[in-house]
Amino acid sequence: MPDILNFRDRAPSEEASVSLDAFLDQSNANAVKIEPGEDARLLLPMLDRISLVEVSFPVFGDGRGYSAARILREAGYTGELRGSGEILVDQINFLRRCGFDSFAPQTPLSPAAVDRALSQFSEVYQATGDGRSPVWALRHG
């Protein structure tokens, strides 16, 4: 299992996630993994009992996981949201901005490179799921 790195102060969940189909068929699972092309909206009626949603990024160029994250955060999901798979250091800021709490890259990333990526931009331009105010809102109150 790859190392799990956090954006937030809480410890990452160690629960094993089940597939979306298995989750929808079970009443006792509270961790689910979403693959590209699966509809995150199917989880909306059950958000209160989910502690971890793991979003799969099987290839670098597949951005559907960002949409899944936004859907879940905008619907009020407050549990851990983890990106996993083919995650490159170039994606770290985008994951955080979409509301991911943690990530588990398939290939280990240099901690120094992750720190640089997370501190590269002091201000942001878009309102997104990480709670940071965009620079235009800071300028115009």
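The values are calculated or read from the model by the stated rules, or taken from the named source; none is laboratory data. Quick caveat, the model's predicted, so the values are computed rather than measured. Because the Cβ atoms are built from the backbone with ideal geometry, glycine has one as well, and the counts that use them run over all protein chains shown. The area values use the complete protein model at the heavy-atom level, side chains included, leaving out ligands, DNA and RNA. Shrake-Rupley method; radii C 1.70, N 1.55, O 1.52, S 1.80 Å.
Out of the residues in the stretch 47-70 that are open to solvent by less than 40 Å² (accessible area, probe 1.4 Å) and in a helix (DSSP H, G or I), which is nearest to SER84 (Cα to Cα)?
Filtering the stretch 47-70 for residues that are open to solvent by less than 40 Å² (accessible area, probe 1.4 Å) and in a helix (DSSP H, G or I), the one nearest to SER84 (Cα to Cα) comes out as GLY65.
Name the one entry in ARG96, ARG82 that is touching a residue at least 40 places away in the same chain (Cβ under 8 Å), buried (at least 17 other Cβ atoms within 10 Å of the Cβ) and closer than 21 Å to MET46 by Cα.
Numbers: ARG96 fails: closer than 21 Å to MET46 by Cα.
Only one candidate qualifies: ARG82.
Taking the stretch 99-116 as the search range and keeping residues that are surrounded by fewer than 20 Cβ atoms within 10 Å (Cβ to Cβ) and touching a helix residue (DSSP H, G or I) at 6+ places or on another chain (Cβ under 7 Å), which one is nearest to PHE60 (Cα to Cα)? I'd like the intermediate steps shown before the answer.
Of all residues in the stretch 99-116, those surrounded by fewer than 20 Cβ atoms within 10 Å (Cβ to Cβ) come to 104, 106-116.
Next, from what is left, pick out any that are touching a helix residue (DSSP H, G or I) at 6+ places or on another chain (Cβ under 7 Å): 109, 113-114.
Values: LEU109: 14, ALA113: 17, VAL114: 16 Å.
The residue in question is LEU109.
Identify the single condition in (1) at pLDDT 90 or above; (2) part of a helix (DSSP H, G or I) that GLY83 does not satisfy, given that it satisfies every other one.
That leaves (2) as the condition not met.
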